[in-house]
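Novice: Mind having a look at this structure? Questions to follow.
Quick note: the coordinates plus some simple rules give every number you see, no bench work behind them. Note that this is a predicted model, so its numbers are computed, not measured. Using ideal geometry, Cβ is built from the backbone for each residue, glycine included, and neighbour counts are taken over all protein chains shown.
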Amino acid sequence: MDDARQLRRSSGAVPKLIAEGANRWAAGDKRRRFEEAEGEIGETASGLEDLADLGALDEDEVAQAVALWARCRATVLGLLRRVRR
């Protein structure tokens, strides 16, 4: 299933991008990685919601997962605020 493969790719990229950004010295490099992580979070949440809408995933479980991704996004946004100072 292409959707499952895409979800694994986007969700798996998030921690890698956060770690990569955290280990960069230049603010611009950090910001770019954190911005990419935020994009992957949105892609993952959207993909999960699409699959729930199609009936392929349980809507309640997807809602819980999307809420966790929202918390992850809030963390990434906090990292971005610190870099932009």
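Novice: Looking at 56, 52, 4, 26, which one is in contact (Cβ under 8 Å) with a residue 40 or more places away in the chain and over 13 Å from residue 76 (Cβ atoms)?
Specialist: 56
Novice: Filter region 7-35 down to residues that are farther than 19 Å from residue 85 by Cα and touching a helix residue (DSSP H, G or I) at 6+ places or on another chain (Cβ under 6 Å), then give me how many there are.
Specialist: 7
Novice: Could you please let me know if residue 16 is among the basic types (Lys, Arg), surrounded by 13 or more Cβ atoms within 10 Å (Cβ to Cβ) and either free of Cβ contacts under 8 Å to residues at least 40 places away in the same chain or touching a Leu at 6+ places or on another chain (Cβ under 6 Å) (or both)?
Specialist: Yes: the conditions hold for residue 16.
Novice: For region 17-30, state whether one or more residues are part of a helix (DSSP H, G or I) and in contact with an Asp or Glu (Cβ under 7 Å, 6 or more places away or on another chain).
Specialist: yes
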